[in-house]
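Colleague: This is the structure, below, for whatever I ask next.
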Amino acid sequence: MSRISGETLCRAIGALLAMDGKQKAQLCDEIFRAQPHLFGSFLVQKRLGVSIEKMAFLLNLLFLCFQAMKESGMAWPLISEDELDRQVQRYAACVKLGDDLSKKHRAHLMKQYIEAHPEKELFAYVHVEMANWLKRIVPEETDKYVMLAAANFVNCIAFVPMNAPGTKADIASPHAQ
C-alpha cells in the first residue's frame, strides 16, 4: 500500500513550486538533518563526475521525495546506508535484467515494475521526470549515476520499514496536528 498518495504528491509539488531559493536552502538543511544518507547520495554525485547542472536536476528530485515524505504526515525512519545499498543493488539488478531486451520489451518491463511498486505515483512521477530530462540533455556516461540515485530515493522511501524502533527521523509534517 502506498504511503504517499497522489494527493500527497500534488501537495509536495505545489509546495516546491511555491518555494524561493532561501526556502530551498532551508529544505537542504532539513534533509541533511533528517535524512543525511539520502542527502549524501546526492552529494556523492560530484565525486562520480556528475556536472553541477545535472546535480541540480537530482537535487530537485530529492526535494520532491523529501517534501512528499513530509506531506504524508508520517514519522519516517532514518534511511540507513545499508538500506541505500540494498535498494541500489535491487534496482540495478532489475535494470540489468532488461539490458538484453528490445526497447519495446524494456518499456513493458518498466511498466510492470511501476505497477508493482509500493509507491506507484511517486516512482512514476520520478520516472517521467527522468525520461523528460534525458530528452533535454546532452548524454554523458555519468547520467546513469543521476538516474540510479533518483530511482534509489524513491525505492528507499518505498521499502524502508516504518516500524523500526528508535529510528524515527525528525521530519515535521506541515499537516500534522
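The values are calculated or read from the model by the stated rules, or taken from the named source; none is laboratory data. Owing to the predicted nature of the structure, the values given are computational and were not obtained by experimental measurement. Cβ: placed from backbone, ideal geometry, glycine included. Neighbour counts: every protein chain shown.
To keep it simple, each residue is scored yes or no on (1) touching a residue at least 60 places away in the same chain (Cβ under 8 Å); (2) touching a helix residue (DSSP H, G or I) at 6+ places or on another chain (Cβ under 8 Å).
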| position | (1), (2) |
| --- | --- |
| A75 | yes, no |
| L84 | yes, yes |
| L101 | no, yes |
| K104 | no, no |
| H108 | no, no |
| Y113 | no, yes |
| H117 | no, yes |
| L122 | yes, yes |
| E129 | yes, yes |
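Colleague: Okay, next question. If we keep just the residues of the range 36-81 that are touching a His at 6+ places or on another chain (Cβ under 9 Å) and either outside any helix (DSSP H, G or I) or of a type in the set (S, T, Y) (or both), which is farthest from K144 (Cα to Cα)?
Modeller: Taking the candidates together, the pick is G73.
Colleague: Only one of (1) farther than 13 Å from I157 by Cα; (2) out of contact with any helix residue (DSSP H, G or I) (no Cβ under 7 Å at 6 or more places or on another chain) fails for R3. Which number is that?
Modeller: (1)
Colleague: Looking at this structure, is M55 under 23 Å from M162 (Cα atoms), within 18 Å of the chain's Cα centre (by Cα) and not hydroxyl-bearing (S, T, Y)?
Modeller: Answer is no for this residue.
Colleague: Please verify whether S80 is over 19 Å from V126 (Cβ atoms), surrounded by fewer than 18 Cβ atoms within 10 Å (Cβ to Cβ) and touching a residue at least 24 places away in the same chain (Cβ under 8 Å), treating the condition exactly as stated.
Modeller: Yes, satisfied.
Colleague: Tell me the residue from Y145, Y113 that is among the aromatic types (F, W, Y) and at pLDDT 95 or above, please.
Modeller: Sole residue among the options that is among the aromatic types (F, W, Y) and at pLDDT 95 or above: Y145.
Colleague: Can you name the number of the only condition in (1) part of a helix (DSSP H, G or I); (2) without any contact (Cβ under 8 Å) to a residue 60 or more places away in the chain that T8 fails?
Modeller: Result: T8 fails condition (2) only.
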